[in-house]
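The values are calculated or read from the model by the stated rules, or taken from the named source; none is laboratory data. As the structure is a prediction and not an experimental result, all values here were calculated from the model. Glycine gets a Cβ as well: all are built from the backbone with ideal geometry, and neighbour counts include every protein chain shown. Accessible surface is based on the protein model in full, side chains and every heavy atom, while ligands, DNA and RNA are left aside. Shrake-Rupley method; radii C 1.70, N 1.55, O 1.52, S 1.80 Å.
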Amino acid sequence: MQTVTATPPNPVLPNPLREGLRLEQTPPPCAMVIFGVTGDLTRRKLMPSLYELAVGTPLPAGFSVVGVSHRGWDDATFRKEMRAAVAASQKEEMEDASWDSFAQGLCYLQADFNDAGAYGRLAELLERLDEERGTAGNRIFYLATSPSYYPTIVQNLGAAGLAHRPPPGEPADHQPWTRIVVEKPFGTDLPSARALNGEIANVFSESQVYRIDHYLGKETVQNLLVFRFANGIFEPIWNRQYIDHVQVTVAESIGIEGRGKFYEEAGALRDMVQSHMFQLLTLIAMEPPSTINAKTVRDEKVQVLQAISPFRGAAISGDVVRGQYGPGWIGGRVVPGYRQEPGVEPDSTVETYVAMKLRIDNWRWAGVPFYLRTGKRLPQRTTEIAIQFNKVPHLLFSRVGTMPPEPNVLTLRIQPDEGISLRFAAKVPGAMMQVRSVNMDFFYGTSFAARGPDDYARLLLDCMLGDSTLFTRRDEVEEAWAIVTPILDAWAGAPPPPFPNYEAGTWGPPEADALIERDGRRWRRL
Ligand code: BG6
């Protein structure tokens, strides 16, 4: 096992995704309004990330958060609850002084999202923050509610004059600016995503809309672009002439974590494939953009989605496998099956596992299958992309009694154990000519001393800075839905699947193995 060590990080090197030193820039003063602030997302992700930004990076003085929810809280309760949420996310004890300074900017508005009057009160509160805390009229509205509220909130923001759509011809970041962040799931299929895009476009211009997919905030996901386009040696072989196939795995050992109601309406195809996995896929398969900015990167990603061969008729059952976990063992303890989880129907046909084979019909990728798999309650948490190269054309060492060498595999480990490894053949030391595969490994943790901000923190900061490169554009989200909607429709019209069809703690249903083995290939053993 060898280790590739990176040269020490140079703090003045530009981050290619930000065209400069944006992380060293302080975003302009602003207020962030979080709708649905009493929910799980705010506790687990948003507030800890905002706090991380506040203590670790230069958030603007006066940065304020307005939490909006129907719950009967006041400012003091809001601050107390958020402190507990942030404390639970910290490895070390929180410093009172840091928290107190951050908490001064937290205020709460009790409101029913359907009540038009509440938006007038919100406008007054925001004006007061402008005067008292200097938020300068800049606003971010964050939709962290159940998606069914999105259209209502958007319409009401428009009606209350809070959208501040830039006049035609004005730059998107004209002062003061207003932006809206929309959490996933963005729609449930193509028609609903189009309808939601339409609702939003009635009120906001596309340049104000930040559709968030937290996978794009992961350091290792952004590194996919750096790896491909800042190194000279990979791009020439990144195509059908050298690559046999690509495997993308997003395995989770957790179940649905008390989100039964949400998951019953989502399922793995919507929850993971249409969003996170397609983001990984597009970054792996896209053409090099001429420059890195929000337009060029997203243009290239959309091109990949448009080139994916549509799933129709028989191809759906042949190329897509769905599964649902039954009870089993993980980490030495018994876990319930999906149908036994709270909030799940006892005869639910919702999938917790998907495996699929995709084809990208363009000059670079024609004939190279992309195999995707994701599931809950698999034996371990691993997200990785494996590029398997072609076999050697001629077996030079086969006559000396050794196994033919395995093909080279380049593995990009997204999480955990973030890093990259290359598998290649080497001679086993000794008098015999024996060949064995070895790994050359790069580990983020040992090569770089510093840790970047977490995924949400990075994306929130980008939104404050007005950089939408790492957010999903309107056409991109619709293209992604266009690929999976025929699968959802076919499943809805098919007889109920024989669920559960895999035990918790195993690698998914046998049909998933058959899907890839039919092509003479195997899923990677992780
Ligand atoms: C979320 C999904 O978007 O991503 C969850 O709704 C999933 O079901 C989560 O567990 C995975 O994110 P991460 O960052 O833990 O890989």
- Test TYR150 against the stated conditions and say whether it is buried (at least 16 other Cβ atoms within 10 Å of the Cβ), farther than 30 Å from ILE487 by Cβ and in contact with a helix residue (DSSP H, G or I) (Cβ under 8 Å, 6 or more places away or on another chain). no
- Query: Limited to the range 227-270, what total is found for residues that are within 16 Å of the ligand (Cβ to nearest atom), in a helix (DSSP H, G or I) and of a type outside the set (Gly, Ala, Ser)?
  - Reply: 7
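Quick grid of which residues meet (1) away from the ligand (no atom under 16 Å from the Cβ); (2) part of a loop (DSSP other than H, G, I, E, B); (3) farther than 22 Å from LEU470 by Cβ:
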| position | (1), (2), (3) |
| --- | --- |
| ARG128 | yes, no, yes |
| THR135 | yes, yes, yes |
| TYR149 | yes, no, yes |
| ILE153 | yes, no, yes |
| PRO166 | yes, yes, no |
| LYS184 | no, yes, no |
- Considering every residue within the range 272-295, establish whether at least one is within 13 Å of the ligand (Cβ to nearest atom), farther than 23 Å from PRO369 by Cα and surrounded by fewer than 23 Cβ atoms within 10 Å (Cβ to Cβ). no
- Message: Anything in the range 341-385 that is more than 13 Å from the ligand (Cβ to nearest atom), farther than 24 Å from GLY260 by Cβ and open to solvent by less than 20 Å² (accessible area, probe 1.4 Å)? List them, or say none.
- Response: MET356, LEU358, ILE360, TRP365, VAL368, PRO369, PHE370, TYR371, LEU372, ILE385
- Task: Keeping to the range 60-80, report how many residues are modelled with pLDDT of 95 or more and under 27 Å from the mean Cα position of the chain (by Cα).
- Result: 6
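Scan VAL334, VAL273, VAL304 and give me the residue that is within 24 Å of PRO496 (Cβ to Cβ) and touching a strand residue (DSSP E or B) at 6+ places or on another chain (Cβ under 8 Å). Give the steps one after another, and end with the answer.
Numbers: VAL334 fails: within 24 Å of PRO496 (Cβ to Cβ); VAL304 fails: within 24 Å of PRO496 (Cβ to Cβ).
Only one candidate passes the filter, namely VAL273.
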- Task: Inspect all residues belonging to the range 305-321 and state whether any of them is in contact with an Asp or Glu (Cβ under 6 Å, 6 or more places away or on another chain) and without any contact (Cβ under 8 Å) to a residue 60 or more places away in the chain.
- Result: yes
- Item | Residue satisfying all of: in the range 186-198; under 17 Å from GLN155 (Cα atoms) and crowded, with 17+ Cβ neighbours inside 10 Å; farthest from the ligand (Cβ to nearest atom) among these | ASN197
- Message: I'd like to know if the range 87-98 contains one or more residues that are in contact (Cβ under 8 Å) with a residue 24 or more places away in the chain and surrounded by 18 or more Cβ atoms within 10 Å (Cβ to Cβ).
- Response: no
